[in-house]
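Take a look at the structure below.
The values are calculated or read from the model by the stated rules, or taken from the named source; none is laboratory data. Source: prediction; values computed, not measured. Neighbour counts run over all protein chains shown; Cβ positions are idealised from the backbone, glycine included.
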Amino acid sequence: MVQLSYLVQTVLGRVGADHDLSIIQIRLLGILRDREPSMLQLAHHLNLDKSSITGLVDRAERRGLVERTIAPNDRRGFNVRVTSAGRQLINVVGDEIERQINAVVEVITETERSQLAALATKILGTSASPND
């Protein structure tokens, strides 16, 4: 499992480097694909403290990838959403990650890939936190 994790991290690092993104920035954009979380929710998802999240979002905002919006339920807080430039980068990076991961798993049969996906889903389901 650890070696598999290293392999996936290597793919993420390589694709990220090609697009001037760190792995944590890729994770941030992945979270923002389908939601507009608060800064606190982002901190929970990424397991980072508030100051780290602020810096991460600041850097992504300077690149035009994300923007802060006033939280509808708390006018003192902010939600974070992806911009059109961020969405475009998500699509490009996501496609590249998928292509490279698919190339890695070509050594196993379609049945084995289905089994791997089912087992991974089961493992992830037992380790998911209520906030994910």
Q. For region 100-120, does any single residue satisfy the condition of being in a helix (DSSP H, G or I), over 23 Å from residue 1 (Cβ atoms) and at pLDDT 95 or above?
A. no
Q: Kindly provide the set of residues from region 35-69 that are in contact (Cβ under 8 Å) with a residue 40 or more places away in the chain and part of a helix (DSSP H, G or I), ordered by number.
A: 39, 41, 44, 45
Q: Working carefully through the options 22, 84, 5, find the one that is over 13 Å from the mean Cα position of the chain (by Cα) and farther than 23 Å from residue 120 by Cβ.
A: 84
Q.
Checking the conditions here, which among 86, 30, 125 is farther than 25 Å from residue 4 by Cβ and either modelled with pLDDT of 95 or more or assigned to a helix (DSSP H, G or I) (or both)?
A. 86
Q) Across region 65-77, what is the number of residues that are surrounded by 19 or more Cβ atoms within 10 Å (Cβ to Cβ) and either more than 14 Å from the chain's Cα centre (by Cα) or farther than 14 Å from residue 20 by Cα (or both)? A) 1
(Q) Anything in region 25-35 that is surrounded by 15 or more Cβ atoms within 10 Å (Cβ to Cβ) and not polar (S, T, N, Q)? List them, or say none. (A) 26, 27, 28, 29, 30, 31, 32
Q. With respect to the numbered conditions (1) modelled with pLDDT of 95 or more; (2) out of contact with any His (no Cβ under 8 Å at 6 or more places or on another chain), which one is the sole condition not fulfilled by residue 73?
A. (1)
(Q) Anything in region 40-64 that is crowded, with 17+ Cβ neighbours inside 10 Å and touching a strand residue (DSSP E or B) at 6+ places or on another chain (Cβ under 7 Å)? List them, or say none. (A) 42, 57, 60
**Q.** Residue list for region 21-34, filter: among the aliphatic types (A, V, I, L, M), free of Cβ contacts under 8 Å to residues at least 60 places away in the same chain and more than 11 Å from residue 79 (Cβ to Cβ)
**A.** 23, 24, 28, 31
**Q.** Given (1) in a helix (DSSP H, G or I); (2) touching a residue at least 24 places away in the same chain (Cβ under 8 Å), index of the condition residue 80 fails
**A.** (1)
